[in-house]
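For reference, the structure discussed in these notes is given below.
The values are calculated or read from the model by the stated rules, or taken from the named source; none is laboratory data. Worth saying up front: this structure is predicted, and the values here are computed from it rather than measured. Please note: Cβ atoms are built from the backbone with ideal geometry, for glycine as well, and neighbour counts cover all protein chains shown. Heavy atoms of the whole protein, side chains included, go into the accessibility calculation; ligands, DNA and RNA do not. Shrake-Rupley method; radii C 1.70, N 1.55, O 1.52, S 1.80 Å.
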Amino acid sequence: MASQTGQIVQESLNALMQDELFLPELQGLTRKQMFTSLTAILSTPNHIHKSFLRISLEDGRVVRIPAFRVQHNDTLGPYKGGIRFHESVNEDEVTNLAVLMTLKNALHEVPFGGGKGGVILNPRDFTEKELHLICKKYVQYFSDVLGPDKDIPAPDVGTGEREMDWMMAEYKSIRPGTPYRGSFTGKSVVNGGSLGRREATGKGVYFSFRYLLHDFVHEHSRWLAGSKNVFAQTALAYRDQPLTLAIQGFGNVGSVTANEAYHCTQLNNKVVAVSDRNVTVFNPEGLDIPALIDFVSKSAGDLPVSEEELTKAGVKASILDREEVLTLDVDVLFLAALEDQIHDRNKDQIKANIIVEGANAPITGEADRYLNEKGVMIIPDILANAGGVIVSYLEWLQGRETQFYSENEVYHLLSEKMKGTMNTILPQFFGDPYSLRQNCYIQAVLKLSTILYRQGKLY
Ligand code: NAD
């Protein structure tokens, strides 16, 4: 695993070896041997499944589209992770994302392993009928390795509830008589999906930020004031201050995060910029987020790109270049688009003091180290964006029980789960020299190592 995620996993493993909580019952060479075994397990995926989906297009052409399912680790339960439809998907990227799923589930104690899927295509290049066929073929080609107790996909970039409904229906046809409802999550509510699943990731992203900067800081202000940790001072300095927010990505995650911020009464927030694949929309006085969401819902998902469209949306703002959202002079930057958005070439132009990762791995390893040293507080992906998989777990449970929760129950369970994780991680983070990302990775790896050891898998 020669990726940035792989490197951070390795660093976390090294830190774990020094940690007295890592297999305290063992000593010396035996402990070292267990550590070597753990490293070998976590640094390679269990399976990489790859295929070419053969599709007859409506114009008569026949194409073969590369598709992947990577199953990284199933120590905690069936593999779990989204399926991405995007033209830049590749095996390394899918593997990287599968590793993050293993760690995310371990961190939040969700009883799933880590997997991820990908198909190399731009969904906008295909008709609805062709996309339906692609979804069916994906399930046909990978049906042996998928299933409610084996590997449970969900939506990711380029896929949504429509695709999950199609895929679950195909799974049901291929495996009649099996408990098919739990084979895919992120389905439409009418088709066995959970209330609140679509909003879960964006709500969770905002919750992680609000909990850290409001609830936790208020409850622990005296202790934080006595800490020499630079991030404790940042958190205190931002307490109850008016904050400006910029959000990269205005899809499923970014638009919900923006809406949560817009309606938040605990923090004095102003969302001054949002962006998507085309533009940044900016107003230093604050944007009308509900009006933008309404516009996007009627424009195939895109933000206004001209004065004319801004007027049509009823939104006062200016249009900037797509990348400008990253370097605006704001307090908080939410990254909710794709990987590698802050990198070596733009890392020194970032002005936000707090970054929240709604997307997976949106900051490269080098940029992460640079920002961390500069004192920028980063709420990492596996902590912030777990709302989707937490509510996917609730959807899977509801499918098994054929009993469904109300929206309020779902949000309550989601916030309690995230609160539990943050109450474990934040005291460590504000009290030790590791970054919040390192703390989360170490906690996840510690959990996996304990279970692997108990299961007799380390030798
Ligand atoms: P989406 O497809 O709904 O939205 C993606 C958004 O990013 C769109 O607004 C798109 O226009 C924009 N975008 C694309 N390329 C861009 C670019 N180069 N610059 C700026 N914006 C760009 O996807 P989503 O479901 O919102 O997922 C966003 C990120 O969050 C992904 O990294 C995904 O893996 C991660 N994530 C999603 C979920 C979930 O439940 N949807 C869960 C965990 C993590």
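Of everything listed in (1) aliphatic (A, V, I, L, M); (2) at pLDDT below 95; (3) part of a loop (DSSP other than H, G, I, E, B), the single unmet condition for residue 213 is (3). Please enumerate the residues belonging to the range 256-275 that are open to solvent by 20 Å² or more (accessible area, probe 1.4 Å) and at pLDDT 95 or above. The answer is 259, 260, 262, 263, 264, 270. The set of residues from the range 373-383 being surrounded by fewer than 21 Cβ atoms within 10 Å (Cβ to Cβ) and touching a helix residue (DSSP H, G or I) at 6+ places or on another chain (Cβ under 8 Å) comprises just one member, 375. Residues being open to solvent by 10 Å² or more (accessible area, probe 1.4 Å), touching a strand residue (DSSP E or B) at 6+ places or on another chain (Cβ under 6 Å) and not in a strand (DSSP E or B) are represented in the range 43-62 by at least one member. Within 16 Å of the ligand (Cβ to nearest atom), closer than 20 Å to residue 123 by Cβ, of a type in the set (A, V, I, L, M, F, W, C) and open to solvent by 10 Å² or more (accessible area, probe 1.4 Å): does that describe residue 189? Criteria not met by residue 189. Assessment of the range 396-416 against the conditions (aliphatic (A, V, I, L, M), within 16 Å of the ligand (Cβ to nearest atom), touching a Ser or Thr at 6+ places or on another chain (Cβ under 9 Å) and under 21 Å from residue 248 (Cβ atoms)) yields no matching residue.
Confirm whether residue 230 is among the β-branched types (Val, Ile, Thr), farther than 16 Å from residue 394 by Cβ and out of contact with any Gly (no Cβ under 9 Å at 6 or more places or on another chain). No.
Only one entry in 375, 388, 399 is more than 25 Å from residue 9 (Cα to Cα) and of a type in the set (Gly, Ala, Ser), namely 399.
Filtering the range 168-184 for residues that are within 16 Å of the chain's Cα centre (by Cα), crowded, with 24+ Cβ neighbours inside 10 Å and either at pLDDT below 95 or under 30 Å from residue 247 (Cα atoms) (or both) leaves an empty set.
Rundown of residues vs (1) open to solvent by less than 40 Å² (accessible area, probe 1.4 Å); (2) farther than 21 Å from residue 438 by Cα; (3) not assigned by TED's automatic domain parsing to the domain that holds residue 427, yes/no style:
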| residue | (1), (2), (3) |
| --- | --- |
| 204 | yes, no, no |
| 213 | yes, no, no |
| 221 | yes, yes, no |
| 231 | yes, no, no |
| 240 | no, yes, no |
| 244 | yes, yes, no |
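Among the residues of the range 334-351, those that are within 12 Å of the ligand (Cβ to nearest atom) and either outside any loop (DSSP other than H, G, I, E, B) or free of Cβ contacts under 8 Å to residues at least 12 places away in the same chain (or both) comprise 334, 335, 342.
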